[in-house]
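The values are calculated or read from the model by the stated rules, or taken from the named source; none is laboratory data. What you see is a predicted model, and the numbers here were worked out from it, not measured in a lab. Using ideal geometry, Cβ is built from the backbone for each residue, glycine included, and neighbour counts are taken over all protein chains shown. What goes into the accessible areas is simple: the full protein's heavy atoms, side chains included, and nothing from ligands, DNA or RNA. Shrake-Rupley method; radii C 1.70, N 1.55, O 1.52, S 1.80 Å.
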Amino acid sequence: MENGRANMKPVTGISQVTCTAPVNIAVIKYWGKRDEQLVLPINPSLSVTLSQDQLCARTTVAASADFKRDRIWLNGEEQPVDAPRLQKCLGEIRRLARKRKHENRERAGDLLGSCIHVCSENNFPTAAGLASSAAGYACLVHSLAKLFHIDGDVSHIARQGSGSACRSMYGGFVEWTMGRLEDGSDSVARQVAPAEHWPELRVLVAVVNAGKKAVGSTEGMQTTVKTSALVKYRAEHVVPSRQEDMRQAILDRDFQTFGEITMKDSNQFHATCLDTYPPIFYLNETSKHIIHLVHMYNRHHGKIKAAYTFDAGPNAVLYLLQDDVPEVLALLRHFFPPGSTNNSDREFVQGLPDVNRKDLPADLQNTVGLEPSPGSIQYIIHTRAGQGPQVLTDPQQALLDENGWPKKQN
Ligand code: PMV
């Protein structure tokens, strides 16, 4: 049988761990590597870890001397295990475990001769373009670290899977330091403040109906670093002080500064994409309309009440405070109502309850002055800041069965 289950005997001495890990959305963007192999950034970055109640990756890893080779299944499909980034993470974890063995920590060493099975899935559609690789690699590395009994920070390993994944290793508000060392060991993630530090902060993820797939982040940042003078200026002269100001804004729960820097940094990241030759366009017309709407909304109130940010795609992520959620949702429902074809089977606003639902005040509607565009936003996920990776102890929640094979496969 192709999947190797033929004549399957129960596997002996299997070790298994299941974890979940969160998505993070940067407010100071990472764009550009100074070392492709080690995934070292040209500037520091800072993000908010989103609650796993709405968005998370789940991964089960198993090790057994009976496994014939390393294997991985993602969202129900077996994937080649020789993908370089995956190999990097597996290799680094095994190297650390070996080091531990030499330090006489036998538990980690026991598994070193075993092959590994990995099974991972997201609780949200990968096609929605919602930082799935960050959650996925953070989950893989956290699970492997638990399997091999490796304690301490392993964000430098997650970083080598996908740069932004290192920030998903912690909850709340997280920065990724640039580091100076050649081996990259000081380019790590650390928590600026836990999620509970700013309980009123809310996040609306507007999943925008996208056309064809945009340029991937690896290729995109390579071309930007090669061709854009602006990205060099940004890394040297803009981000260092912005990172400090953003950290302080978070510590002070200062939404005005937090929102302003978030929007400016998203805009500058997309400006570096336009400055790339040939240019890269991640924002589409809907994204631009959302930007306009947020600025008009803030102008209407004479202060920053909502802030947008966009990654390598057209989806908008809005940061705002709890009290303003009903008004901003009323705006989004009015100007981007569900289309007739794409929302029949799901709620337009998902996630945290849409309490105190309100109608859009006429003066605010006039200030925004857009034509409603039905179907441009597929759906909205209402969420908040949340915790870092978690271990699940209930075997029911494992994605591999007791013999280390996927419970479900496409
Ligand atoms: O980690 P990557 O290679 O997927 O790059 C992420 C880049 C952005 O999402 C655009 C910015 C960021 O800091 O998350």
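List of remarks:
- Filter result for the condition that a residue is within 27 Å of Ala193 (Cα to Cα) and in a loop (DSSP other than H, G, I, E, B), over Ala307, Ala312: Ala312
- Among the residues making up segment 36-59, those that are out of contact with any Gly (no Cβ under 6 Å at 6 or more places or on another chain), within 18 Å of Thr18 (Cβ to Cβ) and open to solvent by less than 10 Å² (accessible area, probe 1.4 Å) are Leu55, Thr59.
- Criterion: in the same structural domain as Leu364 (by TED's automatic domain parsing), surrounded by 15 or more Cβ atoms within 10 Å (Cβ to Cβ) and touching a Leu at 6+ places or on another chain (Cβ under 6 Å) - qualifying residue of Asp265, Asp275: Asp275
- Among the residues making up segment 33-61, those that are assigned to a strand (DSSP E or B), over 30 Å from Leu399 (Cβ atoms) and away from the ligand (no atom under 13 Å from the Cβ) are Arg34, Asp35.
- Against the criterion of being farther than 19 Å from Trp73 by Cα, within 13 Å of the ligand (Cβ to nearest atom) and in contact (Cβ under 8 Å) with a residue 24 or more places away in the chain, Ser155 qualifies.
Rundown of residues vs (1) modelled with pLDDT under 95; (2) open to solvent by 20 Å² or more (accessible area, probe 1.4 Å), yes/no style:
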| position | (1), (2) |
| --- | --- |
| Asp323 | no, yes |
| Leu331 | no, no |
| Ser340 | yes, yes |
| Glu347 | yes, yes |
| Val355 | yes, yes |
| Lys358 | yes, yes |
| Arg384 | no, yes |
| Leu400 | no, no |
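- When residues of segment 62-81 are limited to those that are of a type in the set (Asp, Glu) and not in a strand (DSSP E or B), the one nearest to Asp245 (Cα to Cα): Asp70
- Filtered by the rule that a residue be in a strand (DSSP E or B) and either of a type in the set (Lys, Arg) or in contact with a helix residue (DSSP H, G or I) (Cβ under 6 Å, 6 or more places away or on another chain) (or both), segment 360-390 gives Arg384, Ala385.
- Residues that are near the ligand (Cβ under 9 Å from one of its atoms) and either of a type in the set (Lys, Arg) or at pLDDT below 95 (or both), drawn from segment 1-29: Lys29
- All helices (runs of 4 or more DSSP H) inside segment 219-292 with 2 or more residues being modelled with pLDDT of 95 or more and touching a strand residue (DSSP E or B) at 6+ places or on another chain (Cβ under 7 Å): 239-251, 255-275
- Some residue of segment 285-299 being in contact with a helix residue (DSSP H, G or I) (Cβ under 6 Å, 6 or more places away or on another chain) and open to solvent by 70 Å² or more (accessible area, probe 1.4 Å): no
- Any chance Glu182 is outside any loop (DSSP other than H, G, I, E, B), open to solvent by 50 Å² or more (accessible area, probe 1.4 Å) and more than 15 Å from the ligand (Cβ to nearest atom): no
Yes/no per residue for (1) within 13 Å of the ligand (Cβ to nearest atom); (2) among the aliphatic types (A, V, I, L, M); (3) at pLDDT below 95; (4) under 20 Å from Val141 (Cβ atoms):
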| site | (1), (2), (3), (4) |
| --- | --- |
| Trp31 | yes, no, no, no |
| Ala63 | no, yes, no, yes |
| Trp73 | no, no, no, yes |
| Glu92 | no, no, no, yes |
| Lys99 | no, no, yes, yes |
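- Hey, Val141 crowded, with 22+ Cβ neighbours inside 10 Å and within 19 Å of the chain's Cα centre (by Cα) or not: yes
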